Amino acid sequence: MLLDGKVAIVTGAAGGIGRAISLALAAEGASLALVDLPQAVAMEAAAEQVRGHGRPAHVIPADISRAPQTRHMAASVLQEFGRIDILVNNAGLTNRAPVLEITEEKLRQIFDVDVFGALFCSQAVAPHMIAQQRGKIINISSVSAELATRNMTPYCAAKAAVNMLTRGLAVEFAPHNICVNAIAPGVVETERVHARFANPRNKEDVLARTPRGTITQPADVGNVAVWLASDFANEISGQIIVVDGGYTLQGPEWW
């Protein structure tokens with residue numbers, strides 16, 4: 001197993017990509033700390049799936065946009081498992097609305113969770129990774145960091161900030177043998193996206209633009225997270241790994 005004996009924290013672990021990442025890490029031997037909001041009703045179901053792989057799962061209700069709660073998160077993991085090897089900053093928030101209509105409250109929430117949440121969690125675990133001179137931090141970004149998407153401008157800006165946060169942390173933590181990378185998924189068939197595919201044209205548009213003619217699945221993101229968390233990626237740091245079946249590669253057909 002690639003991650004036997006490792007302890008991983010996954011934020012936003014209740015569903016979608018977060019759950020897929022948690023299961024992929026558990027399948028390779030990692031013990032899991034699953035972090036999500038207290039009202040995330042699917043947390044215990046996710047934990048049971050992790051335990052189904054024969055690995056322990058420690059559930060931590062927390063709002064990662066609040067620094068004190070991330071410090072409590074790290075302390076809880078250390079008390080439960082005694083170490084922290086992997087942090088996956090997956091928790092994210094978006095709001096689909098024209099920029100002139102989005103409220104200040106919603107705008108701040110997006111940056112609080114997507115950007116500051118990833119930073120606070122990294123600050124909370126880094127001292128422990130530094131003490132053991134080893135660690136992997138994986139941020140979940142998005143192709144929207146590079147592609148302006150109508151009615152999602154704040155989300156695009158937040159994910160662009162996550163990319164630079166990834167590079168900055170990679171430089172700062174490199175002397176301590178801590179690798180920091182990001183995964184930038186394209187259109188991933190989570191429950192939310194699947195609901196949008198109820199309109200067949202939406203799915204057809206994605207497939208037509210994707211050279212591989214596929215829809216990325218949450219497990220595809222989980223597999224990349226396993227690789228980045230493993231010793232196979234020890235020389236990979238500060239990189240943004242795009243997982244989109246080529247969605248962002250294809251130029252206009254009429255050219």
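Collect the residues in the stretch 85-109 that are of a type outside the set (D, E, K, R) and either surrounded by fewer than 13 Cβ atoms within 10 Å (Cβ to Cβ) or in contact with a strand residue (DSSP E or B) (Cβ under 7 Å, 6 or more places away or on another chain) (or both), keeping them in residue-number order.
Taking the stretch 85-109 and keeping what is of a type outside the set (D, E, K, R), we get 86-95, 97-100, 102-103, 107, 109.
Within the stretch 85-109, ILE86, LEU87, VAL88, ASN89, ASN90, ALA91, GLY92, PRO98, VAL99, LEU100, THR103 meet the criteria.
Taking the conditions exactly as written (touching a Leu at 6+ places or on another chain (Cβ under 9 Å) and at pLDDT 95 or above), does ASP220 satisfy them or not? If you could, list the steps in order and put the result at the bottom.
Details: touching a Leu at 6+ places or on another chain (Cβ under 9 Å): no; at pLDDT 95 or above: yes.
No: the conditions fail for ASP220.
Could you please find all residues in the stretch 121-133 being touching a residue at least 40 places away in the same chain (Cβ under 8 Å) and surrounded by fewer than 21 Cβ atoms within 10 Å (Cβ to Cβ)? Break it down stepwise before answering.
At the first step, the residues of the stretch 121-133 found to be touching a residue at least 40 places away in the same chain (Cβ under 8 Å) are 121-126, 128-130, 132-133.
Listed by number, the residues that qualify are GLN123, HIS128, ILE130, GLN132, GLN133.
Among the residues that make up the stretch 85-104, is at least one of them small (Gly, Ala, Ser), modelled with pLDDT of 95 or more, under 28 Å from VAL188 (Cα atoms) and part of a helix (DSSP H, G or I)?
Taking the stretch 85-104 as the starting set, the residues that turn out to be small (Gly, Ala, Ser) are 91-92, 97.
Filter once more, so that each one left must be modelled with pLDDT of 95 or more: 91.
Of the ones still in play, those that are also under 28 Å from VAL188 (Cα atoms) are 91.
Still in the running and part of a helix (DSSP H, G or I): none.
No, the stretch 85-104 contains no residue that is small (Gly, Ala, Ser), modelled with pLDDT of 95 or more, under 28 Å from VAL188 (Cα atoms) and part of a helix (DSSP H, G or I).
Please identify the pairs in which a residue from the stretch 197-223 that is over 22 Å from PRO252 (Cβ atoms) and among the small types (Gly, Ala, Ser) has its Cβ atom under 7 Å from the Cβ atom of a residue that is at pLDDT 90 or above and part of a helix (DSSP H, G or I), counting only partners at least 6 apart or on another chain.
Within 7 Å, the pairs are ALA219/ALA20; ALA219/ALA24; GLY222/ALA20; GLY222/ILE21; GLY222/LEU23; GLY222/ALA24.
For the stretch 45-84, give me the residue count where each residue is closer than 21 Å to LYS6 by Cα and in a helix (DSSP H, G or I).
Residues that pass the stated criteria total 19.
Please give the number of the condition LEU249 fails out of (1) hydrophobic (A, V, I, L, M, F, W, C); (2) crowded, with 19+ Cβ neighbours inside 10 Å; (3) modelled with pLDDT under 95.
So the condition that LEU249 fails would be (2).
Within the stretch 6-23, can one find any residue that is within 22 Å of PHE173 (Cβ to Cβ), of a type in the set (D, E, K, R) and in contact with a His (Cβ under 9 Å, 6 or more places away or on another chain)?
No, that holds for no residue.
Within the stretch 8-44, can you find the residues that are assigned to a loop (DSSP other than H, G, I, E, B), aliphatic (A, V, I, L, M) and over 16 Å from LEU87 (Cα atoms)?
Step one: list which residues in the stretch 8-44 are assigned to a loop (DSSP other than H, G, I, E, B), which gives 12-15, 28-30, 37-42.
Then keep just the ones that are aliphatic (A, V, I, L, M); that gives 13-14, 30, 37, 40-42.
Once the filter is applied, which keeps residues that are assigned to a loop (DSSP other than H, G, I, E, B), aliphatic (A, V, I, L, M) and over 16 Å from LEU87 (Cα atoms), the stretch 8-44 yields LEU37, ALA40, VAL41, ALA42.
Residues to consider are ALA182, ALA229, ALA148; find the one that is of a type in the set (A, V, I, L, M) and surrounded by fewer than 20 Cβ atoms within 10 Å (Cβ to Cβ). Break it down stepwise before answering.
Details: ALA182 fails: surrounded by fewer than 20 Cβ atoms within 10 Å (Cβ to Cβ); ALA229 fails: surrounded by fewer than 20 Cβ atoms within 10 Å (Cβ to Cβ).
Exactly one of ALA182, ALA229, ALA148 is of a type in the set (A, V, I, L, M) and surrounded by fewer than 20 Cβ atoms within 10 Å (Cβ to Cβ), namely ALA148.
Could you grab me the full set of residues in the stretch 158-184 that are more than 13 Å from the chain's Cα centre (by Cα), part of a helix (DSSP H, G or I) and in contact (Cβ under 8 Å) with a residue 40 or more places away in the chain? Before the answer, list the steps.
Just the residues of the stretch 158-184 that are more than 13 Å from the chain's Cα centre (by Cα), to begin with: 158, 160-161, 164-165, 167-179.
Cutting the leftovers down to part of a helix (DSSP H, G or I) gives us 158, 160-161, 164-165, 167-176.
Result: ALA158, ALA161, LEU165, ARG167, LEU169, ALA170, VAL171, PHE173, ALA174, HIS176.
Filter the stretch 21-61 for residues that are within 19 Å of ILE138 (Cα to Cα) and within 16 Å of the chain's Cα centre (by Cα) and give the result.
ILE21, SER22, LEU23, ALA24, LEU25, ALA26, LEU32, ALA33, LEU34, VAL35, ASP36, listed by residue number.
Just need a number here: residues in the stretch 130-163 that are of a type in the set (A, V, I, L, M, F, W, C), modelled with pLDDT of 95 or more and more than 21 Å from ILE17 (Cβ to Cβ).
2
The values are calculated or read from the model by the stated rules, or taken from the named source; none is laboratory data. Since we're looking at a predicted model, the values are computed, not measured. In this analysis, Cβ positions are derived from the backbone assuming ideal geometry, glycine residues included, and neighbour counts consider all displayed protein chains.
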